[in-house]
Amino acid sequence: MNQIGWTSLVIPDGYDVFDIDDQQEEQVIFEALYAAEFKLHAI
């Protein structure tokens, strides 16, 4: 883990991953997914 960069993860079937760097865009997308009652975890 002494390398610079991302750690790779295996994403199980049935899951989607979004990597959003813009905070305003992130807020809009989060609110839309929450309003649509998606089950999600945001960090």
What is the dipole size for the chain, taken about its Cα centre, with +1 at each Lys and Arg Cβ and -1 at each Asp and Glu Cβ, in debye to the nearest 20? 220 debye
Which chymotrypsin sites (Phe, Trp or Tyr not before Pro) from the chain combine a DSSP loop assignment with at most 15 other Cβ atoms within 10 Å? 6, 15, 18, 38
Per residue, how big is the convex hull around the C-alpha atoms of the chain? Give it to me in cubic angstrom, could you? 90 Å³
Filter the GluC sites (Glu not before Pro) in the stretch 5-43 to those in DSSP coil with at most 10 other Cβ atoms within 10 Å of their Cβ, and list the result. 37
Tally Lys/Arg at +1 and Asp/Glu at -1 over every other residue whose Cβ is under 13 Å from the Cβ of residue 40; what's the total? -3
On a 0 to 90° scale, report how tilted helix 23-35 is relative to the longest principal axis of the chain, with both axes built from alpha carbons and the result rounded to the nearest 10. 50 degrees
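Read-outs throughout are calculated quantities, based only on the coordinates presented, and are distinct from any laboratory measurement. Just so we're clear, the structure is a prediction, and the values are computed from it rather than from any experiment. Here Cβ is always computed from backbone atoms with ideal geometry, including for glycine, and neighbour counts include all displayed protein chains.
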